[in-house]
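Working notes for the structure below.
All of the numbers you see were taken from the coordinates with simple rules; none came from a lab. Note that the coordinates shown come from a computational prediction; the quantities given were computed from them, not determined experimentally. Here the Cβ is made from the backbone with ideal geometry for all residues, glycine too, and neighbour counts use every protein chain on show.
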Amino acid sequence: MSENDKTLNDIVSALLAERKRDYRNKLIFRSLFVLVIFFIVFFAPMAKDINFNDPHVAMIEINGLISSETKSSAEKIIPLLQRASQNINASAIIIKINSGGGSATQSKIIYDEIVKIKKTSNKKIISVIEDVGASGGYYIAMAADHIIASETSIVGSIGVRLDSYDIRRLFNNLGIKSRTIYSGENKLILDPFHELTSKQYDHVKSLTDEIHTQFINDLKSSRKDKINPDDKLIYSGLFYTGNQAKALGLVDDISSIYKLNNEEYENMKIQKYNSENNLINQLIQTSFHYLFQSKINY
């Protein structure tokens, strides 16, 4: 065998040995990840039970837009409220709110569920408004037994809005015309290419007025003698600082979750109920990603 052939054989042998070593390492790596996933899946329910079986104050967060498509939807929040109310280890329920509102319907459904829970549970429900508890966010907050806010929180905005735009002039200048084919004289009542008639305006206004009236009635029912029912500014859509809201009776105290927990619950553990399995899900997804991804090595 020539020197060149021997060198070539050595290179091929080294490459094959490296391939076998890589294959063996990959099998070991994948096996370890499978074991990690197995232990996560197997022990996750027990870990969750340990968290919720210890004495705690339940906390449910309502953040951002309240909508059927967000984490602050009735579908996402109501099961958490029910779970907290039924957990004998939860001393109280805190609803932490950072929301400027959203869907009137979603807010109303969550409000009604809190009112229902209050009738069947002896747990105190406290709404804590941090940055913003306005419109639909306040609608949910006012269902609680007690509402607290910071001095600089934004509270209130008790009103209803329905947005629509008239862009006919702009599109006429651009030479764009609408060719929508429709049946029913009022089908395009909020279409931005069609003029809103006075009758249509009155109809839409009656809808927002009806929803606003429901908001006001629920406010009067939940806050009762804490507010002045004849103060129409409260219902005008204005929003207030925490201090102003307290003076109007929209909140009960100026405080925070930490102060509340220290004074009322002796610094008991606050257990967050939202997405408690997020970390586990992320670990599983990450594990599968690295386990089965293809790699090109040079």
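The fewest-to-most ranking of Y165, Y139, Y265, Y273 by surrounding Cβ atoms within 10 Å reads Y165, Y265, Y273, Y139. In this structure, the amide hydrogen of A92, modeled 1.01 Å from its nitrogen in the peptide plane, lies closer than 5 angstrom to those of A58, counting only residues at least 5 positions away or on a different chain.
Among 179-185, 103-109, 92-98, what's the highest-first ranking by average C-beta atoms within 10 angstrom per residue?
Numbers: 179-185: 7.1, 103-109: 20.1, 92-98: 24.0.
Going from most to least packed, we get 92-98, 103-109, 179-185.
Taking a sphere under 14 Å around the Cβ of K220 and counting the other residues whose Cβ falls inside, with K and R at +1 and D and E at -1, yields a net charge of 0. A simple spin-label model places the labels of N173 and Q200 2.2 nm from each other, with each point 7 Å out along Cα-to-Cβ.
Expressed in nm², what is the orientationally averaged projection area of the convex hull enclosing the Cα positions of segment 56-268? Kindly include the intermediate steps, with their values, before the conclusion.
Details: hull surface 58.4 nm².
Computed as one quarter of the Cα hull surface, the answer is 14.6 nm².
Sequentially through segment 204-220, phi angles give Karplus couplings (6.51, -1.76, 1.60; θ = phi - 60°) of 5, 4, 5, 5, 5, 5, 5, 5, 4, 4, 5, 4, 5, 4, 5, 5, 4 Hz, Gly and Pro residues having no value and appearing as x. For V132, the residues whose modelled amide H falls within less than 5 Å of its own, excluding neighbours fewer than 5 places apart on the same chain, are S99, I154.
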